[in-house]
Amino acid sequence: LGIGANTAIFSLINALLLRSLPIEDPESLVQVTLGDGPDNALNTPLWEQIRDKQTAFAGVAAYSGDRFNLADAGESRFVQGMWVSGDFFRVLGVPALLGRTIEREDDQWGCGTHGPVAVVSYKFWKTVLNGDAGVLGSRLRMNRKGFTIVGVTPPWFSGLDVDRGYDVSIPIGCQAVMRPEAKASEEVYHWWLHILARLTPGESLTVAAERMRAAAPAMLAAGVPDMPGDEQRKTTFAVLRAGLGFSETRVQYRTALLALMAIVALVLLIACANIANLQLARSAARQRELSVRMAIGASRARVIRQLMTESLLLAGLGAAAGLVLAMVGGRLLVELLSTTGNPLEIGMAPDIRVFGFAVGATVLTALLFGLAPAFRSTRLGVNRSLKEGESNTVRGMGRLDASKLLVAGQIALSLVLLTGAGLFLRTFVNLVTAETGFEREHVLLMTVNVAPGQSAARRAQTFRAILDWVRRVPGVVGAAQSLLTPISPEGWAQPTRPEGFSSASPRETLVFFNRVSDGYFQTMRTPFLLGRDFDRRDTIRSARVVVINELTAHDFFGDANPIGKTIGMEKPAKPGEWELYEVIGLVKNTKYNRIDEAQRRIAYLAAGQEAEPAESIRFSVRTEGPAMGLAGVLHSAVLGIDHDATLELRTLEADVSDSLLRPRMVALLSVAFGILALLLAMVGLYGVTAYSVARRRGEIGIRLALGAQRGQVVWLVFRDVLILFVCGIALGWAASVAAGRFVGSLLYGVTAGAPRELGAAALVLAVATLLSAYLPARRATRLDPMDALREE
């Protein structure tokens, strides 16, 4: 169990944090970012500046992950896609298995000279295209646009995202085809590309970074022309290692995985302490045999080697079973991290690093549980061990000092694990019960993509027709449309100009936005505090209006009534032009992207005042019964209004549940490992206590013969156990407080070292300790004094 749990967690850490990409020379692959964050994406003009003017690298490439829809109408069928530059596959050293890869000529605004082309993965070719050898030149429709397949990549290349594969890659220049409304002049506002580069042979990362920093001012001036001068002077490029690839799971779960690795390491230590105690007891039983070996000429070193060989064999058998457990557990971990909308594809096949870890764990555990018994077994004199009739009458627990230390250590480690489990469990409960500002139950979320080519007025008319029809469906309590839905990874934030508010930095006026229809707040059950909701009066031709949340009103207007105040917003694609929005309503604070986020300033704009509605809009539908119960009816209704539309259905409750995946996983695993540690500690404590009682039969028999009461005998046993318990709790309390600082970022609504969790863990351990000592103590009171003394 100990080796298996450690190997399973290490396998996931290896796949996400340690394993290099299966590409040519991954060590020389780097990422170019603004600032030092690996998640900092760049815009297209800046990428073009780097591509055309850099002198620091042997080659550069750009890419961005996306989802492409294979369905022309009806339910969406998404595949994992990549936008790639013309040199992407060449820089990575990925050849084509069939045909060719994407080239520079393909990556021009409007899709280049060959028109829209695509390269597919080996897996997509085999599963979706049935491995057709004549696939080259065939058409693949994505987002209702046709692409010509020009190549298939080798089976070993699955993209740069290590937690999900890729299916189709298309040139960056094909944005003009996939998004007809996109304009090359507006790409300066589209920050979406990851920039990769290949170090020049013999050149260091430091030299490359210095060259990029030197070129930064000129590139920024051309690629980000509206960046303020003082901000431009502070901004520069960073060059980071990228041989491990990219992973949202890695960023999100890094600390959690390291915490789980520490937890299973403690479980392994407890397991080793248990086996060490068993080995100590076994060595005592074998004392005469070992003494005979030494008496007839075996050296102490040879006997120690024999005992360590036995320990290594035991650890090896445990490792063999543990590897099987690790392979099963690793797959379960990936399934635990996956959601319906975000299935993960993490390669968990064991490699040399995983096998090396298992071998290292085997040797280490053999040393941990085998050394102390081996040295102790060969420490006593041969003559003393060979004496017949050595008195066992009064020996107490003095000869089990090592065992007592091990048991105290087990209790300390168990307290650390149980306290951690309590903290993570309380964090999860706090997140589940956190005030979100909306009711998640009975809400169906429907993302509708209308057929391309429709005018803005036609799209707005289609969305309004869908909304009006949905509201008339029996069983629908309320419905509304919105640009975004709560607790989703998408967002829209920008600086504002609140009336009467002066700021030194744009960040002080940053507001997160959403665009919603009338009835949105009623559908989401977000309470109105002041003012009114949007209605049919709020149109393109009417005065601009906005609804804000409590935090926005407090930060910008203090205790004054915000109704009637104005907030300025910069016009899209028109830098320097501002438009005033009048505050007509005040609503309760709500969560935006995450349940565990601090409250944010949020403002809602009227959907009826959107001049250019997007092709994709979300509808929130509150139902009387189960949310998915109306999925079929709504699906038919949407296609009845626009038979070319595609749609995706899910529930708000599922979205919220998926957002709690990390705290749920950490809580579940930490509780499971905490219970396992508790059971191991109980077994260890029971074994030591039972062995102690067995060795003290003569002493207990004399005490009973001299008139000791059975309660006194029970106390005799419990006294030693309580001493171990107190020592273990003291050590564990200090260790728990120290370890709590490491997991502070994983906690919500509770602080590391919280007395309640520590106290509860200590109480659970106290009960477990008493239960473990009860049976041996009860057995001691039933000894027959004459039988016990006769054995002496």
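The values are calculated or read from the model by the stated rules, or taken from the named source; none is laboratory data. Being a predicted model, the structure only gives us computed values, none of them experimental. Using ideal geometry, Cβ is built from the backbone for each residue, glycine included, and neighbour counts are taken over all protein chains shown. Each accessible area value is taken on the protein alone, full model and side chains, heavy atoms only, with ligands, DNA and RNA left out. Shrake-Rupley method; radii C 1.70, N 1.55, O 1.52, S 1.80 Å.
Between D535 and V432, what FRET efficiency follows from the Cβ-Cβ distance if R0 is 22 Å, with the result rounded to 0.05?
So the FRET efficiency works out to roughly 0.05.
Determine how many Å³ per residue the convex hull of the Cα atoms of region 532-657 encloses.
169 Å³
What is the ratio of the Cα radius of gyration of the chain to 2.2 N^0.38 Å, with N the residue count, to two decimals?
For the chain, the normalised Cα radius of gyration is 1.22.
In nm, to one decimal, how far is the A349 label point from the I723 one, both placed 7 Å along Cα→Cβ?
The answer from the label model is 5.7 nm.
Go through E24, E289, E648 and list them by solvent-accessible area, largest first, probe radius 1.4 Å.
Per-residue accessible area, sorted high to low, gives E24, E289, E648.
Which of K145/K183; K183/K571; K234/K591 have a Cα-Cα distance over 26 Å?
Among K145/K183; K183/K571; K234/K591, the Cα-Cα distance tops 26 Å for K234/K591.
Mind giving me the FRET efficiency for E597 and E570? R0 is 22 Å, r the Cβ-Cβ distance, nearest 0.05 is fine.
Once rounded, the FRET efficiency stands at 0.35.
I'd like the FRET efficiency for L18 and E186, computed as 1/(1 + (r/R0)^6) with the beta carbon distance as r and R0 of 35 Å, rounded to 0.05.
According to the calculation, E is roughly 0.30.
With all protein chains present, how much of the accessible area of the chain (probe radius 1.4 Å) comes from carbon and sulfur, to the nearest whole percent?
Here carbon and sulfur together make up 58 percent of the probe-accessible area.
So if each residue of separation counts as 0.36 nm, and I subtract the Cα-Cα distance between E624 and T309, what length gain in nm does that give?
106.6 nm
Among 535-543, 637-645, what's the highest-first ranking by average C-beta atoms within 10 angstrom per residue?
637-645, 535-543
Once both labels are modelled 7 Å past Cα along the beta-carbon direction, what's the E582-L771 spacing in nm?
Between E582 and L771, the simple spin-label model gives 6.8 nm.
May I ask you to rank E187, E105 by accessible area, largest first, using a 1.4 Å probe over the protein chains only?
Descending accessible area places them as E105, E187.
Using the Kirkwood formula over every pair of different C-alpha atoms, what hydrodynamic radius in Å results for region 462-610?
For region 462-610, the Kirkwood estimate is 16.0 Å.
Run the helix sum for the chain: -39,500 (n - 2.57) per DSSP H stretch of 4+ residues, divided by residue count, reported at 222 nm to the nearest 500 deg cm²/dmol.
-15500 deg cm²/dmol
Taking only protein heavy atoms into account and a 1.4 Å probe, give the accessible area per residue of region 268-313 in Å².
I get 52 Å² per residue for this part.
What full-extension length gain, to one decimal in nm, is calculated for S505 and A262 as 0.36 nm per residue of separation minus the Cα-Cα distance?
Using 0.36 nm per residue and subtracting the Cα-Cα distance, I get 83.3 nm.
Ordering Y189, Y691, Y253 from largest to smallest accessible area (1.4 angstrom probe), what's the sequence?
Y189, Y691, Y253
Once label points are set 7 Å from the Cα along Cα→Cβ at both A222 and T340, what is their separation, rounded to one decimal in nm?
4.9 nm
In whole angstrom, note down how far apart the Cα centers of region 99-119 and region 455-531 are.
38 Å
If packing is taken as the mean number of other Cβ atoms within 10 Å per residue, what is the order of 759-766, 364-371, highest first?
364-371, 759-766
Translational diffusion coefficient of region 124-218 at 10 °C, 1.306 mPa s, Stokes-Einstein with Kirkwood Rh over Cα pairs, in µm²/s as a whole number.
Translational diffusion coefficient: 92 µm²/s.
Give me the extension gain from F528 to V359: residue separation times 0.36 nm, minus the current Cα-Cα distance, reported in nm with one decimal.
Gain in length upon complete extension: 54.6 nm.
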